[in-house]
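Reviewing the structure listed below.
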Amino acid sequence: MTPRPPAPEGQGPLLEHVADRVAAIRRQQLTDLQLKLFPDWPDDRRGAPNAVIRSAVFGVVRRGRRKRVTDMPVAGPPGYDITLTGWRLDQHDCDRGSRSCTSRAM
């Protein structure tokens, strides 16, 4: 989050209140969207599409040695053609990605 610029004289508390209210509304909108996308998904569970989990998208990558790739073919289940462009991903990336899709306490 970026720091707020100082408020004009006498308007500090009002602007802080408005900024806090806007942040609360945005958090509520995110929660509402997640409830629409995953209505019956328990908070303590995570998931991802089967084709992604069974592929080599999230491979074994040595700490500090990630490579940047462009259109790299990735092994996956039969019937799926997967290519990766960007930094190689590991299990930590998989955990963070699935957590961000299902966690309602952000």
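The values are calculated or read from the model by the stated rules, or taken from the named source; none is laboratory data. Model, not experiment: these values are computed from the prediction. Heads up, the Cβs are rebuilt from the backbone with ideal geometry, glycines too, and the neighbour counts pull from every protein chain shown.
From the list V18, V22, V69, V52, the lone residue that is among the hydrophobic types (A, V, I, L, M, F, W, C), within 16 Å of the chain's Cα centre (by Cα), modelled with pLDDT of 70 or more and not in a loop (DSSP other than H, G, I, E, B) is V52. Within the stretch 81-106, restricting attention to residues that are in a loop (DSSP other than H, G, I, E, B) and at pLDDT below 80, the residue that is surrounded by the fewest Cβ atoms within 10 Å (Cβ to Cβ) is A105.
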